[in-house]
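*Asks:* Take this structure, written in structure tokens, and hold onto it; I'll ask about it next.
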Amino acid sequence: MGSKIVSDANAFVKFLKLCQDENKDNCTYMDDISVLLVEKEELLHDIISGNQPIFVCEKAQPKSVAESTETTADTSVVEEVLYKVEQDLGPQPLSVMKARQLLSWYTMAHNPNMPRVEVPGPLHPLWVRCDKSDPCATAWLGVETIYSGNKTSGVKLYTVCCKGPTGDETSFTTLDELKQEHQNRHHPSAVATKGYAQFNMFCSLKEESMMFESQSSVIASLTWNNVEKVLECPPLSSKATLNIKVAIGDIRSPLYQTHREMEFLLALAEGLRTGETEWLEPMETQSAVDLTRALIEELENLAHGVQGHTGKVSEKQKAKTEAAAAFSSMVIERGDLDFTEQLWEKMRRSVTSYQDITECLKIVVKAVKLGKIKPWIHKDSSSTLSKLILQSYQQQIDTMPLTGLTPANMLLELGLDKIRKDFINYLVGKELTTLNYLSYYLDTEVDLQEQVIRVRKLHHLLEILGTCSTFLSLPHDRLFLFTQSCLQYYKTSNYDEDHVFQLQIKPALISYFYEKEQPFSWGMEVSSGLGSKEVKTALYLSDKPLVDHISFDLDVPLDESVNGECEKMSYYRTMVSCSLISFT
């Protein structure tokens with residue numbers, strides 16, 4: 001073997017080992033190759049399984065160009081160096097020939113039969129972006145080491161080939177062709193087949209009010225054995241998982257009105273935390289002070305036997321009117337709002353300043369101290385105002401200086417108290433959890449800002465449950481288990497609307513959705529062998545390319561009308577093949 005090849009292989013694997021040992025996420029090799037250390041592989045879009053760290057090789061970005069200019073000031077010459085930063089071109093591929101060279105160096109280093117190439121120790125798998133310049137349109141080449149005990153026994157070589165979108169199913173690789181490809185490479189005595197499909201469940205909902213972009217998604221992922229044909233519908237024996245991501249504020253949400261209530265609570269809490277409050281546009285035409293006075297007068301009239309509209313009736317009617325604007329409603333409102341909750345409802349719809357809050361609470365505290373009103377309060381209310389009112393029943397009222405941020409904190413307490421009861425009413429009332437399970441979220445001993453964070457997590461949970469129960473009509477047993485899972489997750493995790501919650505489910509519960517839809521992603525694989533010697537040949541069809549470093553010719557529109565009745569989806573085609581090279 002040529003000494004040049006040996007020295008090049010040794011230099012490359014030593015470089016990889018150095019990057020791995022020093023945990024460098026981006027290094028440059030020989031000036032023109034970038035080597036990225038990716039901790040959790042997302043670049044390959046699940047083309048390969050597992051999430052172990054890998055090396056990714058690609059063409060290095062062009063270096064910044066230094067330009068020298070001279071400017072004269074008086075008699076002195078000042079040299080300035082200006083750097084022209086090239087626009088980021090995104091990841092760039094290497095040639096297929098260069099990629100094969102890098103993989104050969106990696107393979108040689110791990111082959112015990114080549115002692116002149118010094119293996120520096122175990123290395124992460126290596127993947128190289130390719131420019132699709134060969135007849136197979138190769139977009140990735142990869143290699144990983146396999147072991148027998150502590151000894152290297154061989155490597156697996158991966159090839160990923162990609163083609164542009166088409167809706168012509170006759171151009172898709174058939175199951176028989178995929179099996180033959182696998183047979184030609186591996187000559188197995190028996191093979192197994194497995195299918196994958198993903199459906200966007202929101203696409204099955206055709207109501208006009210839902211036909212707009214949303215950051216929320218419900219993706220059904222199904223897997224099954226014994227595939228019979230390309231793009232077959234998953235059988236009811238499949239394993240199904242719902243991947244649920246719900247963004248707050250979607251007008252389609254059955255909890256949209258609760259979102260608006262939470263908006264005010266969060267704005268108030270943020271203002272108290274930072275000192276700068278962005279007040280929301282009031283929902284009432286009357287001022288907060290006038291609404292508060294009207295509520296007090298109403299209670300005074302009731303105390304004197306004068307009939308009038310109660311705060312409860314007024315608020316319930318208002319909630320029903322607003323709910324009509326939403327796509328659907330999730331019954332979360334209560335009919336047992338006490339005085340402080342009615343006060344919160346009026347103030348959150350009308351307050352536009354700290355002065356408003358102070359004036360409103362002064363009116364209430366004065367009426368309570370003078371005994372003009374003795375309103376009903378929930379016995380488990382924990383807010384400062386609730387405690388003051390409860391004291392008034394025994395004519396023992398503490399002094400309450402309504403100065404500084406005290407009134408705003410008191411209003412925040414009212415909101416937290418009311419919203420917590422709303423959430424308890426739904427979750428416990430629907431038998432989705434117990435008060436004991438909710439204790440972390442209902443703790444009033446932590447500071448107000450932490451209480452807000454925990455209530456916000458509960459709100460996100462209810463938004464997710466609203467999606468599952470209203471749009472998907474999931475049965476109670478699934479919702480119960482899902483609720484416990486989400487509650488447990490948020491006990492230890494930060495608030496995150498981008499988090500994808502997963503729910504295992506029987507396909508029969510969602511088959512009426514996906515059986516009439518086309519999958520946005522579909523795949524089949526043929527496999528043979530066991531353990532580390534298992535090899536696969538797979539075909540993936542997807543509505544988006546699984547490769548982000550090459551472009552495709554779009555000769556056809558991505559959606560084609562069929563008899564004007566439905567849309568026929570066009571798919572990008574990705575073929576993944578694997579070769580097993582044994583060193584023994």
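The values are calculated or read from the model by the stated rules, or taken from the named source; none is laboratory data. Everything numeric here is computed off the predicted structure, so don't read it as measured data. All Cβ positions, even for glycine, are placed from backbone atoms using ideal geometry, and neighbour counts span all protein chains on display. Please note that ligands, DNA and RNA were not included when accessible areas were found on the heavy atoms of the full protein model with its side chains. Shrake-Rupley method; radii C 1.70, N 1.55, O 1.52, S 1.80 Å.
*Asks:* If you add up the charges near Asn425, with Lys and Arg at +1 and Asp and Glu at -1, over every other residue whose beta carbon is less than 11 angstrom from its beta carbon, what do you get?
*Replies:* Charge balance near Asn425 sits at +2.
*Asks:* For Asp31, Asp398, what's the largest-to-smallest order of accessible area, 1.4 Å probe?
*Replies:* Correct descending sequence by accessible area is Asp31, Asp398.
*Asks:* Moving to a separate point now. Once amide H atoms are placed 1.01 Å from N in the peptide plane, what residues at a sequence separation of 5 or more from Ala247, or on another chain, have their amide H within under 5 Å of its amide H?
*Replies:* When sequence neighbours closer than 5 places are left aside, the close amide H contacts are Ser216, Ser217.
*Asks:* Using a 1.4 Å probe, what is the accessible area per residue for segment 224-311, in Å²? Walk me through the numbers before you get to the answer.
*Replies:* Working: 4700 Å² over 88 residues.
Ligands and nucleic acids excluded, the result is 53 Å² per residue.
*Asks:* Just subtract the alpha-carbon distance of Ser104 and Gln52 from 0.36 nm times their residue separation and send over the number in nm, one decimal.
*Replies:* Values: separation 52, 0.36 × 52 = 18.72 nm, distance 2.15 nm.
So the chain would gain 16.6 nm between Ser104 and Gln52.
*Asks:* Heavy atoms only, probe 1.4 Å: what % of the accessible area of segment 92-201 goes to carbon and sulfur, would you let me know?
*Replies:* Looking at segment 92-201 in its full context, I get 49 percent from C and S.
*Asks:* Let me ask you something else. Given Lys151/Lys533; Lys387/Lys418; Lys24/Lys151; Lys163/Lys245; Lys245/Lys536; Lys132/Lys544, which pairs have Cα atoms separated by over 20 Å?
*Replies:* Over 20 Å apart, Cα to Cα: Lys24/Lys151; Lys163/Lys245; Lys245/Lys536.
*Asks:* Let me ask you something else. Of the accessible area of segment 430-517, with the probe set at 1.4 angstrom, what percent is carbon plus sulfur?
*Replies:* 49 percent
*Asks:* Something else now. For Ser3, Ser287, Ser381, write out the residues from largest to smallest accessible area, computed with a 1.4 angstrom probe and no ligands counted.
*Replies:* Ser3, Ser287, Ser381
*Asks:* Separate question: Net charge near Lys229, counting Lys/Arg +1 and Asp/Glu -1 over other residues with Cβ under 13 Å of its Cβ? Working shown, then result.
*Replies:* Values: positive: Lys179; negative: Glu169, Asp176, Glu177, Glu228, Glu232.
Once all neighbours under 13 Å are counted, the net charge is -4.
*Asks:* Would you check the accessible area of Met283, probe 1.4 Å, heavy atoms only, in square angstrom rounded to 10?
*Replies:* Accessible surface of Met283 is approximately 60 Å².
*Asks:* Quick one: which residues, 5+ away or cross-chain, put their amide H under 5 Å from the amide H of Gly167? H built at 1.01 Å from N.
*Replies:* Distant-sequence amide H within range of Gly167: Tyr571.
*Asks:* For labels at Leu481 and Ser287 in the simple 7 Å Cα→Cβ model, what's the distance in nm?
*Replies:* Result: 5.7 nm between the two label points.
*Asks:* So how exposed is Arg116, as accessible area in Å² (1.4 Å probe, rounded to 10)?
*Replies:* 130 Å²
*Asks:* Excluding Glu118 itself, what net charge comes from residues whose Cβ is under 11 Å from its Cβ, given Lys and Arg +1 and Asp and Glu -1?
*Replies:* Neighbourhood net charge equals +3.
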